[in-house]
Amino acid sequence: MAKIDFGGVVEEVITSDEFPLSKAKEILKNEKIAVLGYGVQGPGQAMNLRDNGFPVIIGQRKEEPAYWNKAIKDGFEPEKTLFPIEEAVKRGTMILYLLSDAGQMAAWPTVKANLKEGDALYFSHGFSIVYKDQTKVVPPKNVDVILVAPKGSGRSVRANFLDGSGINSSYAVFQDYTGRAKERALALGIAIGSGYLFPTTFEKEVHSDLTGERGVLMGCLAGVMEAQYDLLRRRGHSPSEAFNETVEELTQSLIRLVAENGMDWMYANCSTTAQRGALDWKGKFKEAVSPVFEELYDRVVRGEETRIVLEANSAPDYRERLEKELDEMRNSEMWKAGAAVRALRPENRQK
Ligand SMILES: NC(=O)c1ccc[n+]([C@@H]2O[C@H](COP(=O)([O-])OP(=O)(O)OC[C@H]3O[C@@H](n4cnc5c(N)ncnc54)[C@H](OP(=O)(O)O)[C@@H]3O)[C@@H](O)[C@H]2O)c1
């Protein structure tokens with residue numbers, strides 16, 4: 001365990017240097033790993049485990065053939081490494097519960113009925129456990145309940161593994177029946193390809209995650225981009241100019257500098273005109289959005305956000321409705337302008 005100073009606050013993290021794959025293999029040598037769900041996180045974690053040399057089986061319902069077939073395409077074989085959910089739980093000792101959060105609520109009676117003493121029930125989100133009043137996911141006392149939450153999409157879990165970089169994950173123990181819950185969580189965290197793991201609790205994980213994705217990572221990001229794009233359009237700027245000044249310059253240039261060396265470094269490497277303006281306006285924007293973030297966090301803690309998610313995602317026509325909403329975004333002038341701008345990138349023109 002390494003002690004790392006995060007801006008003056010010392011935290012303990014586990015990296016793949018002090019917790020190598022060989023140690024994870026030793027800890028997990030008698031485990032049978034069952035990954036339930038083959039949506040986004042399922043394939044990322046399952047294929048990384050398999051490529052790291054861990055025998056993995058998939059549990060996926062067959063009635064919805066899309067994900068079942070996707071698992072077959074990725075090399076999992078029915079009756080050998082691909083099973084209905086119930087059968088996979090029976091065969092596994094570590095159950096990676098990677099159905100959608102609404103799916104976890106729906107499938108819980110089946111999963112619960114097939115858990116065995118000493119199994120590890122693993123989540124990548126604190127949602128089902130923390131909001132148990134809504135989800136009814138209450139594990140039996142005789143299993144370990146652990147979490148490893150990759151801080152990125154399942155697609156990045158896989159892509160980062162393939163390019164050798166790994167993704168950061170948080171880990172937590174909710175229930176330690178065997179006395180080995182923590183080492184099982186850490187070993188699985190390393191086995192799925194985490195570059196490093198930092199400790200959290202189920203509660204802290206779900207509160208920060210729900211806030212982050214509704215906030216800066218996705219909701220706020222899309223909202224502020226639209227606000228600026230619309231303003232520029234209303235004031236007579238062309239779509240290409242409005243899009244370039246709002247999205248393209250951010251994703252193609254500035255955010256890469258932030259990723260490399262931080263916001264101050266990006267500021268330091270812009271024009272003095274841009275620096276002055278950004279430093280002056282940063283505070284105004286922070287002040288404007290702070291009350292919205294307060295409201296968001298309170299709603300997350302009160303369980304209002306999870307209630308909406310469970311209601312919406314459990315509806316039988318959820319996927320059609322989602323597709324309609326995404327289609328509206330895709331067909332808006334702003335994101336159509338985006339497609340045109342992306343097609344103009346030299347690397348895309350050469351295709
Ligand atoms: N997406 C991410 O990148 C990400 C990142 C970090 C953590 N997580 C967490 O990882 C977990 C999995 O998320 P995900 O995004 O990978 O989920 P997802 O893509 O939405 O998962 C869909 C999976 O759940 C199954 N499913 C849905 N409803 C079901 C039901 N009623 N009965 C049985 N199976 C059902 C789907 O199979 P069918 O085709 O049969 O419906 C599919 O296998 C969640 O806890 C999530 O919060 C996700």
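Quick notes on this one:
- D_trans [Stokes-Einstein, Kirkwood Rh over alpha-carbon pairs] for the stretch 56-208, 10 °C, 1.306 mPa s, µm² s⁻¹: 100
- The slack in the chain from ARG302 to VAL10, taken as 0.36 nm per residue of separation less the alpha-carbon distance, amounts to 102.1 nm.
- P(r) of the stretch 201-351 over all Cα-Cα pairs, binned every 5 Å from zero, in whole percent: 2, 7, 11, 16, 18, 18, 14, 9, 5, 1, 0
- Of the trypsin sites (Lys or Arg not before Pro) found in the stretch 4-40, those that fall in a DSSP loop while having at most 12 other beta-carbon atoms within 10 Å are LYS29.
- Per the Debye formula on identical point scatterers at the alpha carbon atoms of the stretch 192-268, with no solvent, log10 I(q)/I(0) at q = 0.22 Å⁻¹ is -1.08.
- Among beta bridges that DSSP assigns inside the stretch 1-128, antiparallel share in %, nearest 5: 25
- Counting only DSSP H runs of at least 4 residues, each contributing -39500 (n - 2.57), and dividing by the residue count of the chain, the helix-based mean residue ellipticity at 222 nm comes to -16000 deg cm²/dmol.
- On the beta carbon distance between GLN350 and ASN30, with R0 = 41 Å, the FRET formula returns roughly 0.20.
- Reach of LYS324 by Cα under 18 Å, taken over lysines that are not fewer than 8 positions away in the same chain: LYS336
- Across every pair of non-identical alpha carbons in the stretch 12-58, the mean reciprocal distance, once inverted, gives a Kirkwood radius of 11.7 Å.
- Scoring 235-241, 4-10, 179-185 by mean Cβ neighbours within 10 Å over their residues and listing the highest first yields 179-185, 235-241, 4-10.
- Taken over the chain, the convex hull of the Cα atoms encloses 171 Å³ per residue.
- Violating pairs (Cα-Cα greater than 19 angstrom) within the set LYS32/LYS80; LYS151/LYS204; LYS112/LYS151; LYS132/LYS204: LYS112/LYS151
Every number here is computed from the coordinates shown, using simple stated rules; none is lab data. The model shown is predicted, which means the values in this text are computed figures rather than measured ones. Using ideal geometry, Cβ is built from the backbone for each residue, glycine included, and neighbour counts are taken over all protein chains shown.
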